[in-house]
Amino acid sequence: MNLADLNVLEALRKTLATVAVVRTVRLIRTDEPVEIPLSRLPAVLLEPIGAEALTWDDVPVGTYHLLRWRASVLDRAVPSTRAFEALVSAAEVCRDAVASAGVLGGLTEDGPPSPGDNDLSPPVGATRVSPVRLGKPAPGRPTALVFDGASGYWTEEMTGDATLDGEMLFSSGPHVMVIGSPHRRVKDLAFNGLAGGLALDLGDGPREIVQRGVLSADTAAMLAIGEAAIEAFIDGRTYTLMTPEEMDYPNCRMERFERIGPPQAGSRWHQPYRITYLQLAR
């Protein structure tokens, strides 16, 4: 837990405090026992439950810090009663208020999905929430309806951008390049009755360069425009490719632009991709 995490939790607490049916919102330590006076119910308890560091699949650039938290909406209510129905409605309003808060005033931002978090929505959002569920009942304690959530931000980002023909086509998201080994073309000739053979040196062959990354945009339409700008370079011509480390590779031809899965939407739109180049001459 660091200061940035505390700021995120405080922003979540303020968001929950805007829900009209809630009288009290308290930020507590993990698994801290808390007594809420009956006069202060219904109440919400917000607690951190852990954090993890993430990167986009196959794009090990930067570090995304995902803070996990849990919100418990409490009231004196028994299932199958009107009071319980009111508590369910209050919990859903709380969940929707957090989900619509998005980036929490700029404290959080979209990031990679977390493996196994199929119940959090949206999976790449700056703030993600699960469905509401009934908490573990305890004798003499208020009824709790619970929803989990996660909010994240980038703690490390890539420092350079690749360019193609001087165009910064990939700067909207992280990307990495794998430079293949140079290839030498050789033709082997065999002759009847002679041991061994003759190797003809045909000169340099093409080198394969693979780029993996994520494109991001504010809208689906802007994302499509960015993709089209990249695809325009699949024209059979060669260009100079500069890597994020500022290494130049001239005479590169773009062979394929592949979308890895469908686009993913949080507060922005994101498209993982793979590009294959051939460097025809060094």
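Rundown of residues vs (1) surrounded by fewer than 13 Cβ atoms within 10 Å (Cβ to Cβ); (2) within 20 Å of PHE147 (Cβ to Cβ); (3) out of contact with any helix residue (DSSP H, G or I) (no Cβ under 8 Å at 6 or more places or on another chain), yes/no style:
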{"position": "VAL21", "(1), (2), (3)": "no, yes, no"}
{"position": "ARG29", "(1), (2), (3)": "yes, yes, yes"}
{"position": "GLU35", "(1), (2), (3)": "yes, no, yes"}
{"position": "LEU38", "(1), (2), (3)": "yes, no, yes"}
{"position": "ALA51", "(1), (2), (3)": "no, yes, no"}
{"position": "THR55", "(1), (2), (3)": "no, no, yes"}
{"position": "ASP58", "(1), (2), (3)": "no, no, yes"}
{"position": "LEU66", "(1), (2), (3)": "no, yes, yes"}
{"position": "TRP69", "(1), (2), (3)": "no, yes, no"}
Answer yes or no: is there a residue in the stretch 9-23 that is among the hydroxyl-bearing types (Ser, Thr, Tyr), out of contact with any Phe, Trp or Tyr (no Cβ under 7 Å at 6 or more places or on another chain), without any contact (Cβ under 8 Å) to a residue 40 or more places away in the chain and in a helix (DSSP H, G or I). no
Take the residues of the stretch 261-282 that are more than 17 Å from HIS175 (Cα to Cα) and within 14 Å of the chain's Cα centre (by Cα): which is surrounded by the fewest Cβ atoms within 10 Å (Cβ to Cβ)? PRO262
Just one of the numbered conditions (1) of a type outside the set (Ser, Thr, Tyr); (2) over 29 Å from the mean Cα position of the chain (by Cα); (3) farther than 26 Å from LEU9 by Cα; (4) part of a strand (DSSP E or B) is not true of MET177; which one? (2)
Going through the stretch 228-244 in order, the residues found to be surrounded by fewer than 17 Cβ atoms within 10 Å (Cβ to Cβ) and not β-branched (Val, Ile, Thr) are ALA228, ALA229, GLU231, ALA232, ASP235, GLY236, ARG237
Sole miss for LEU169 among (1) in contact with a strand residue (DSSP E or B) (Cβ under 6 Å, 6 or more places away or on another chain); (2) outside the structural domain of ARG68 (by TED's automatic domain parsing); (3) crowded, with 18+ Cβ neighbours inside 10 Å is condition (1)
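Being in contact (Cβ under 8 Å) with a residue 60 or more places away in the chain, more than 20 Å from PRO42 (Cα to Cα) and among the β-branched types (Val, Ile, Thr): is that true of VAL103 here? I'd like the intermediate steps shown before the answer.
Details: in contact (Cβ under 8 Å) with a residue 60 or more places away in the chain: yes; more than 20 Å from PRO42 (Cα to Cα): yes; among the β-branched types (Val, Ile, Thr): yes.
Criteria met by VAL103.
The values are calculated or read from the model by the stated rules, or taken from the named source; none is laboratory data. Predicted model, so just to flag it, every value in this text is computed and none were measured. For neighbour counting, all protein chains shown are included, and Cβ atoms are generated from backbone atoms with ideal geometry for every residue, glycine included.
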